[in-house]
Amino acid sequence: MAVMMNGVCELAQALPCAETAVYHIEVLKKPLSVLGESVIKERVAQLICEHKCVYGDFTLTEFDDQVLSDNILSVSLSDSEHLILDRKGVDLSQSRVELHVYTLNDDDAGTEEMDEEQVSMASQWMLPSAHFHGQWESLVFDEAIKERLLNYATTTLLFSDKKVNSAIISWNRVILLHGPPGTGKTTLCKALAHKLCIRLSERFNCGQLVEINSHSLFSKWFSESGKLVTKMFQRLHDYMDDPELLVCVLIDEVESLTAARKSCLNGNEPSDAIRVVNAVLTQIDQLKKFPNCLVLTTSNITGAIDLAFVDRADIKQYIGPPTPTAIYKIYLSCLNELMRVGIISPAQQLLELRALEVMRFMENAATRPSLQLREIAIKSQGLSGRTLRKLPFMAHAMFIQGPTATVDLFLHCLSQSVDQQFQDQANLAA
Amino acid sequence: MAGCTKQVDFVFDGGLQSHTRASLINEVIKQLMYQRNQIPLQFDILKQQMTVSEAKHAQNAAARPLNGLNQTHNKTKNVISNLDQLFENILKAFEICPEIQQALIMLGSTPVTPKESYLIRLPHICPEAENVSLKSSKQALFRHLIAEEVLSGNASLGPTNVYLVLSAPHSSALPGFVPKTTFKVPSRGYCLTLNMICSQPSFCAQDLTMDDTEVEISGVEPFERSSFADISLPEVACHIKSPSPDKMARLLSGFDACRYLRVRQASGSDMGEGLKLEGEMEKIQFNTPLTRSTPKVGYTRLVTCDHIWFQCSTVIKGYRF
């Protein structure tokens, strides 16, 4: 029967696809597995055929197929939320599916030092990295920001591969994420680099994330800072010379390197700072020629960034505080995690917001905790993502302090914790 | 930027046993750590000093070193412990898998962007050859390393990470090592190749281009049809007698798009002493398509392509006083 099913699946896949949406399935290999990618893909394709209809993201960690259970840690579909809009489910055997097989690197961050300065100029991770695994999924945004960034990177590569004349159509490979603190800009940059490396594993042999330590590029010697910036970028050029290496450069708090030159001229800043900005701008222009590079930058103070840099950014994405919908998802993931480890016991099914909507927010025994969580989410509006992820911990620390708690008790404490947070913020402001 | 590449040959008066190979690699690592400023003293001296220092502390536990000295003490202890672990892993790896052909030591922030790479090429295993003793092989190695300043010729280097990868057969399970199927020898930075050559009898060589036996190559199919040689496919068999490198390249030039080949020993044929085709078949992956313009690509290369790189999970972090 299974063989017949597989045959039907193969036939279905051979037929032309009506859908244009592409579903990305990521296959995480065990670190010690040396099984060929083609064999894994073949087996996973069969597995997907068996799971005919999907309604959203999923992760499989147990497999009947012995080859898969020996070699694979997980098979997961991600970012399907904005593709499965009609909520009816999707038959993957009838859809365009791309399989990405990858292994995680668990090496710690390496540091890049200037030979003569003996200061760490950058931290580096080999991608896909175990340090960033799961971060992409943990980020919740109302808009399709993540998909937009992935699509941007894909277009960048397409244009480079097709050798589009950059004198006619210009793109700079620079992304600027800006917004208030704690909204996940830096995490999003790291997670994006990690995700790109997985999605583009057929195009690039491996990837590297280089996080520049902006402060270390300022020298104690006058006029040397500009030279340090140039040297740093020269190192990056060396990496980018390998066409099979995807290099993602992260400049966190970019305003420290690209402070508006206009304000420098007022006399508050030495002219060395202007040299740094000039060096960064010219070096970013030079990165354009490398098809395997992407510059990811973040800033809290958009107004302080030099306009010439802002102009160079292809995407200037605002990352704001989460809305109640996103807050609900964040809380839901936190509570599920606490149920997984047994801190919230007994485990209880909490419904997704979509399910609550379908049930028209009707209150009964099954929906009560979820509705209570929704109320807390609405009350939490205005708090940053970082604070929200901290609140379940604070709720436990401040109001529970026992090894286990029921869902009802935890939700009550979480609500108290939110009130406390707002109270603390008000006190600080006063 | 393509790095500076240099080659140095080390000739030994005989074969090298598996344990000797591992020990020689360990010695190169020790020397490299010191010469490239990753440790302040020679490894053995550092270890000896640490033992003395530990004994002193044990005797007088109350007399704790100053904070700065304590940090250096901890770093030294850490490096020594990691290096011991690395050496043990190498010895175990060679014990389990004597077919290891290459070892690559990389100094840099990550294995894909090293500042310096040292590739050690090992000779083929030759059970018939008279083996050189560990002591005399170490002496020969050090004479060469010191006299010709092989490891100290490059520009100064600050403390960084030291990675080790070994090229071993695909199916090897090396404890303490993780397979890196996509790893390639980096071309970035300074690259030094140390060729360890044994003056051993030629009949022991595993070069199959010298083999006159009949070999059957079967299961060849273009990559477009299947990325993996399917056992159930009808076999496209070609019989080759006396396969010279030219002949082999000519034969394989028709299968440029093919990524995998199945090579099977013809029943009853003698494959020669050095051949390492385990069991009935062995899967072989090509890194580059074989064409007529690459006459040096012979049978030996096809067999060696089955090797992949295994990275040692212990990373050494250099330090200075």
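Laboratory data are not the source of any read-out in this text; all were calculated from the coordinates shown. What you see is a predicted model, and the numbers here were worked out from it, not measured in a lab. Cβ: placed from backbone, ideal geometry, glycine included. Neighbour counts: every protein chain shown.
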Cα shape, the stretch A:324-429, gyration tensor, a/c 1.5 rule: oblate
Per residue, the convex hull volume that the Cα atoms of the stretch A:110-318 enclose (Å³): 123 Å³
Stretchable slack from residue A:325 to residue A:168, in nm (0.36 nm times residue separation minus alpha-carbon distance): 52.3 nm
Dipole moment magnitude, nearest 20 debye, the stretch A:110-318 about Cα centre, only Lys, Arg, Asp, Glu C-beta charged: 580 debye
Per-residue mean of C-beta atoms belonging to partner chains within 10 Å, peptide A:31-43: 4
Whole-angstrom gap from the stretch A:301-373 to the stretch B:85-140, using each part's C-alpha centre: 52 Å
Cα centroid of the stretch A:153-218 to Cα centroid of the stretch A:45-84, whole Å: 28 Å
For the stretch A:118-165: rounded, prolate or oblate by the Cα gyration tensor [a/c cutoff 1.5]: oblate
Chain A, Rg to Rh (Cα coordinates; Rh as Kirkwood inverse mean 1/r): 1.00
Net +/- balance of residues flanking residue B:44 in space, Cβ distance below 13 Å, scoring K and R +1, D and E -1: +1
Per-residue average of Cβ from other chains inside 10 Å of A:231-241: 2
Ordering of A:142-151, A:390-399 by packing [mean C-beta count within 10 Å, highest first]: A:390-399, A:142-151
Calculated FRET value between residue B:51 and residue A:286, using beta carbons and R₀ = 41 Å, to 0.05: 0.20
Packing-based ranking, highest mean first, of A:53-63, B:164-174, B:80-90 given that Cβ atoms within 10 Å are counted: B:164-174, B:80-90, A:53-63
Using a Förster distance of 22 Å, the FRET efficiency for residue B:128-residue B:9 (Cβ separation, nearest 0.05): 0.45
Most positive-pole-ward Cα, A:429, A:341, A:322, against dipole of chain A from beta carbon charges: A:429
Protection proxy ranking of A:199-212, A:89-102, A:182-195, A:156-169 - average other beta-carbon atoms within 10 Å, highest first: A:182-195, A:199-212, A:89-102, A:156-169
Cα gyration tensor shape of the stretch A:138-186, rounded if a/c is under 1.5, else prolate or oblate by comparing a/b with b/c: prolate
Average beta carbon contacts from partner chains per residue of A:205-214, 10 Å cutoff: 2
Residue-count net charge about residue A:62 - beta-carbon cut-off 15 Å; Lys, Arg +1, Asp, Glu -1: -2
Quarter of Cα convex hull surface for the stretch A:143-224, i.e. mean projection, nm²: 8.6 nm²
Calculated [θ] (222 nm, deg cm²/dmol) that DSSP helices of n ≥ 4 give over chain A, each run adding -39,500 (n - 2.57): -13000 deg cm²/dmol
